[in-house]
């Protein structure tokens, strides 16, 4: 069984098309799963939603997709006026049906190739949409985030997620943890789009990341000229492809 996983497209249709073209060459896949954050901060929100719905087997909700569930509520850490302006621009371009689609996306997706071999796909972690799993986490950090209050072992063998836009893998308690990273807004210093391929060999899951070139200047131009609020800011982030600060300082990822 081979699963293609992509996440954090953020309205970048050019990057999404490049990833899908690479998947066609590298496939076939039994499932194509999208781990959330489809549109926020990108210039092609409607087009990305439509493309994702055509090609995916399952789509789950990211923290920015959840913005559309409570449109009158500014998320923690965001400026009220900037958020309202961005939300209004996105909502206008998406239209009510696509907005409802994003607001109603499920929290997780589970793939069960064999008893005891489940792959769980979430956006940030198995509990909420905010707290990230960062590359620098120690086993104790992972215990604190991934074990329940009574220290019950999870019922999955592998966990796939996005949220921080940085490709990495952990081995934890005999399980595989894979950040599939960002198709539309990588933040590890490499501008190329990223997605992950996970393979079930009959006993265990294995994973690899694939990097895909796409013409970043085309997206930068659209961000700057489309009328998207804060287009210059988002274009600069796309080009920099980095947070510009340590992931240790991130309480959550803010798009």
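The values are calculated or read from the model by the stated rules, or taken from the named source; none is laboratory data. Quick caveat, the model's predicted, so the values are computed rather than measured. Heads up, the Cβs are rebuilt from the backbone with ideal geometry, glycines too, and the neighbour counts pull from every protein chain shown.
Could you check how many residues of region 195-213 are assigned to a strand (DSSP E or B) and in contact (Cβ under 8 Å) with a residue 60 or more places away in the chain? Write out each step before concluding.
So the first thing to find is which residues in region 195-213 are assigned to a strand (DSSP E or B), and the list is 195-200, 205-212.
If we keep only those that are in contact (Cβ under 8 Å) with a residue 60 or more places away in the chain as well, we get 195-200, 205, 210, 212.
Residues in region 195-213 being assigned to a strand (DSSP E or B) and in contact (Cβ under 8 Å) with a residue 60 or more places away in the chain: 9 in total.
Which one is surrounded by the most Cβ atoms within 10 Å (Cβ to Cβ) among residues in region 214-227 that are part of a loop (DSSP other than H, G, I, E, B) and at pLDDT 95 or above?
Here is the first cut: in region 214-227, the ones part of a loop (DSSP other than H, G, I, E, B) are 214-215, 226-227.
Checking the rest, the ones that are also at pLDDT 95 or above come to 214-215.
Values: 214: 20, 215: 11.
Among those residues, the one meeting the criterion is 214.
Quick check on my filter: what residues within region 195-213 are touching a helix residue (DSSP H, G or I) at 6+ places or on another chain (Cβ under 8 Å) and either farther than 17 Å from residue 14 by Cβ or surrounded by 16 or more Cβ atoms within 10 Å (Cβ to Cβ) (or both)? Spell out the reasoning first.
From region 195-213, those touching a helix residue (DSSP H, G or I) at 6+ places or on another chain (Cβ under 8 Å) are 195, 197, 210, 212-213; that's our starting set.
Selection gives 195, 197, 210, 212.
Among the residues of region 175-194, count how many are over 24 Å from residue 219 (Cα atoms) and in contact (Cβ under 8 Å) with a residue 60 or more places away in the chain.
1
Kindly indicate which of 86, 54 is surrounded by 17 or more Cβ atoms within 10 Å (Cβ to Cβ) and in a helix (DSSP H, G or I).
Values: 54 fails: surrounded by 17 or more Cβ atoms within 10 Å (Cβ to Cβ).
Exactly one residue qualifies, and that residue is 86.
How many residues are farther than 19 Å from residue 209 by Cβ and in a helix (DSSP H, G or I) when one looks only at region 25-51?
7
Quick check, is residue 192 under 18 Å from residue 124 (Cα atoms) and surrounded by fewer than 23 Cβ atoms within 10 Å (Cβ to Cβ)? Explain how you work it out, then say what you get.
Numbers: under 18 Å from residue 124 (Cα atoms): no; surrounded by fewer than 23 Cβ atoms within 10 Å (Cβ to Cβ): yes.
No: the conditions fail for residue 192.
Would you point out which residue out of 100, 4 is within 25 Å of residue 178 (Cβ to Cβ) and touching a helix residue (DSSP H, G or I) at 6+ places or on another chain (Cβ under 9 Å)? So that I can check it myself, show each step before the final result.
Working: 100 fails: within 25 Å of residue 178 (Cβ to Cβ).
Checking each option against the conditions leaves just 4.
With (1) at pLDDT 95 or above; (2) surrounded by 14 or more Cβ atoms within 10 Å (Cβ to Cβ); (3) more than 20 Å from residue 61 (Cα to Cα) as the list, and residue 186 as the residue in question, which single condition is left unmet?
Looking at each condition in turn, residue 186 falls short on (3).
Looking only at region 177-193, count every residue that is touching a helix residue (DSSP H, G or I) at 6+ places or on another chain (Cβ under 8 Å) and not in a loop (DSSP other than H, G, I, E, B) and tell me the total.
2
With the structure loaded, tell me whether residue 31 is under 26 Å from residue 239 (Cα atoms) and surrounded by fewer than 23 Cβ atoms within 10 Å (Cβ to Cβ) or whether it fails that test.
Details: under 26 Å from residue 239 (Cα atoms): no; surrounded by fewer than 23 Cβ atoms within 10 Å (Cβ to Cβ): yes.
The answer is no for residue 31.
What about residue 22, is it assigned to a helix (DSSP H, G or I), surrounded by fewer than 20 Cβ atoms within 10 Å (Cβ to Cβ) and in contact with a strand residue (DSSP E or B) (Cβ under 7 Å, 6 or more places away or on another chain)? Reasoning before the result, please.
Numbers: assigned to a helix (DSSP H, G or I): yes; surrounded by fewer than 20 Cβ atoms within 10 Å (Cβ to Cβ): yes; in contact with a strand residue (DSSP E or B) (Cβ under 7 Å, 6 or more places away or on another chain): yes.
Taking the combined requirement at face value, the residue satisfies it.
So which residues in region 155-169 are over 14 Å from residue 6 (Cβ atoms) and touching a strand residue (DSSP E or B) at 6+ places or on another chain (Cβ under 7 Å), if there are any at all?
Narrowing region 155-169 to residues over 14 Å from residue 6 (Cβ atoms): 155-159, 164, 166, 168-169.
Scanning region 155-169 gives 156, 157, 158, 159, 164, 166, 168, 169.
Exactly one condition in (1) assigned to a helix (DSSP H, G or I); (2) modelled with pLDDT of 95 or more is not met by residue 144; state its number.
Unmet for residue 144, out of (1) assigned to a helix (DSSP H, G or I); (2) modelled with pLDDT of 95 or more: (2).
Looking at region 107-124, which of its residues are touching a strand residue (DSSP E or B) at 6+ places or on another chain (Cβ under 8 Å), under 18 Å from residue 163 (Cβ atoms) and in a loop (DSSP other than H, G, I, E, B)?
Answer for region 107-124, where residues must be touching a strand residue (DSSP E or B) at 6+ places or on another chain (Cβ under 8 Å), under 18 Å from residue 163 (Cβ atoms) and in a loop (DSSP other than H, G, I, E, B): 108, 122, 123, 124.
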